[in-house]
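Worksheet: one structure, shown below.
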């Protein structure tokens, strides 16, 4: 999503993108472009402040004020998730830079130029409200100057403008603030703020108007295409009917009985097909209940890992992906498994994999790498994959298995192709799995080794394990795969959300990506996230 749509108010359950959602996406693009422009100008303002420092002997003032403004801007851009608050802080940053330049140049005459430039920059956000803190800070600055004049007198106020670090600056300065100057500057600030705010409103209204027009044109085009398609189908059907009528008319004398027989046979076949289809669907639905009974209950997982979620979306009724959970005293085994295939074949493999895992853990084998080794051997034996004298399959599994040891504050991981992603202190780490699957051996006595990784839980850490269904989904604006890099960035983005919201955000991102090209789900999807804190 593009930027990912993380706000819950952007979740819609419709087949088509609504006008409101279309507009919000457009405004997000506007704000993103405005942020990029602001990035450049803020850096330019900071450099200008440094450039003015040796000219006016204002090094300390330049670094403190410019550094503070730059720091506020970085907080607004990269830490605040609420875009409105971030834009309000950006407005304040522009005002601080303007006041910095005025202070560095020791006078108020420059107010107009810097105020006009910065106010014009704020228009690009198309939000009149962010003019308010900018105007208030400017007016407040002038008011403070007036207070200084009244409280300390004209001479001290002049000293405020022309002395920094004990160095006197000669030349023209503003020695005092008269009532006329104060009113004059307030009037200019008010007029400019109103004008720029009004332009921001006009730009947004124009955006809304263009979006509505675009949606209307798209809707009309869709209707036209539908009408053309219906007309074409009607013409084809009419031609077919005419041909059939001609044939029937020629053969009417001897084909009525045969036609009735054929109709009866077709109806019987259709009835049989329908019955078989219902029977097959009922069987698969029953298999789904069996598979769901096999899977651990989400409530049981949350008893041990309160901050956790499982995003499980089978492509068909039953799934080749499955998740596993087992707790023994202070140890927790949690795994995400991706079996070969999906649907019924994949579901058979998931049942086999689940039972084999239970058998392995019953033997008190808890180390993830050893679990994968034993699982590989048992699948080879169960499917007779190492016996070349019989016809074998290449079916297997990709897996990510974790052992959480709360007593030692560690997490052990081993992977068969599938990685482990964890986020600690707002930094993402990726532990790759071994480049081999579990099972699928068609070479006699082939041995596989899996690597065990240990991670210390020194602080609260978010972990994610998953199958390849999410990143392999086609869609988006360019109808491409979501891909691994984009998916890992998505995990980093959602880690700032509470775990109670992360599943919903991921689901929204996945469905939005798929529906942009009206793509069907390509594969089973499984994503597991959980948070572990040191005991």
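Computed from the coordinates by the stated procedures, all read-outs in this text should not be read as laboratory data. Since the model is a prediction, treat every value here as computed from it, not as a measurement. Because the Cβ atoms are built from the backbone with ideal geometry, glycine has one as well, and the counts that use them run over all protein chains shown.
Computed from the C-beta positions of residue 500 and residue 426 and an R0 of 22 Å, the FRET efficiency is 0.65 to the nearest 0.05. Suppose R0 equals 45 Å; then what is the FRET efficiency for residue 218 and residue 266 from their Cβ-Cβ distance, rounded to the nearest 0.05? With R0 = 45 Å, the Cβ-Cβ based efficiency is 0.60.
With a 10 Å radius around each residue's Cβ, average the other Cβ atoms per peptide and rank 278-284, 328-334, 399-405, highest first.
Details: 278-284: 11.3, 328-334: 16.0, 399-405: 25.1.
In decreasing order of mean packing, 278-284, 328-334, 399-405 become 399-405, 328-334, 278-284.
The length gained by stretching the chain between residue 246 and residue 44 to full extension, at 0.36 nm per residue less their Cα-Cα distance, is 64.6 nm.
Would you work out if region 406-535 is rounded, prolate or oblate? Take a ≥ b ≥ c from the square roots of the eigenvalues of the alpha-carbon gyration tensor; rounded if a/c is under 1.5, else prolate when a/b is larger than b/c, oblate otherwise. It would help to have the intermediate numbers written out before the result.
Numbers: a/c = 2.61, a/b = 1.12, b/c = 2.32.
It comes out oblate by the Cα gyration axes.
Give me the extension gain from residue 116 to residue 288: residue separation times 0.36 nm, minus the current Cα-Cα distance, reported in nm with one decimal.
Working: separation 172, 0.36 × 172 = 61.92 nm, distance 6.56 nm.
Stretched out fully, the residue 116 to residue 288 stretch lengthens by 55.4 nm.
Quote to one decimal, in nm, the extra length available between residue 533 and residue 188 on full extension: 0.36 nm per residue of separation minus the C-alpha distance between them. Stretched out fully, the residue 533 to residue 188 stretch lengthens by 118.6 nm.
Kindly provide the Kirkwood hydrodynamic radius of region 431-502 in Å, to one decimal, from all pairs of distinct alpha carbon atoms.
Averaging 1/r across every pair of different Cα atoms and inverting gives 15.8 Å.
By its C-alpha gyration tensor, with a ≥ b ≥ c as the square roots of the eigenvalues, how is region 295-532 shaped: rounded for a/c under 1.5, else prolate for a/b larger than b/c, else oblate? Oblate, because a/c is 1.5 or more while a/b does not exceed b/c. Taken over region 471-535, the ratio of Cα radius of gyration to 2.2 N^0.38 Å equals 1.22. Sorted on the mean count of surrounding Cβ atoms within 10 Å across their residues, most packed first, peptides 290-296, 470-476, 46-52 read 470-476, 46-52, 290-296. With a simple spin-label model that places each label point 7 Å from the Cα along the Cα-to-Cβ direction, the separation between residue 304 and residue 132 comes to 5.1 nm.
Sorted on the mean count of surrounding Cβ atoms within 10 Å across their residues, most packed first, peptides 360-367, 526-533 read 526-533, 360-367. Taking all Cα pairs closer than 8 Å and separated by 6 or more residues, the relative contact order of region 295-532 comes to 24 percent.
With a Förster radius of 30 Å, plug the Cβ-Cβ distance of residue 481 and residue 72 into 1/(1 + (r/R0)^6) and report the FRET value to the nearest 0.05.
Details: r = 39 Å, r/R0 = 1.29.
The calculated FRET efficiency here is 0.20.
How would region 51-104 be classified by its alpha-carbon gyration tensor: rounded, prolate or oblate, with rounded meaning a/c under 1.5 and the a/b versus b/c comparison settling the rest? Intermediate values should be presented prior to the final figure.
Details: a/c = 4.51, a/b = 2.48, b/c = 1.82.
Cα axes put region 51-104 in the prolate bin.
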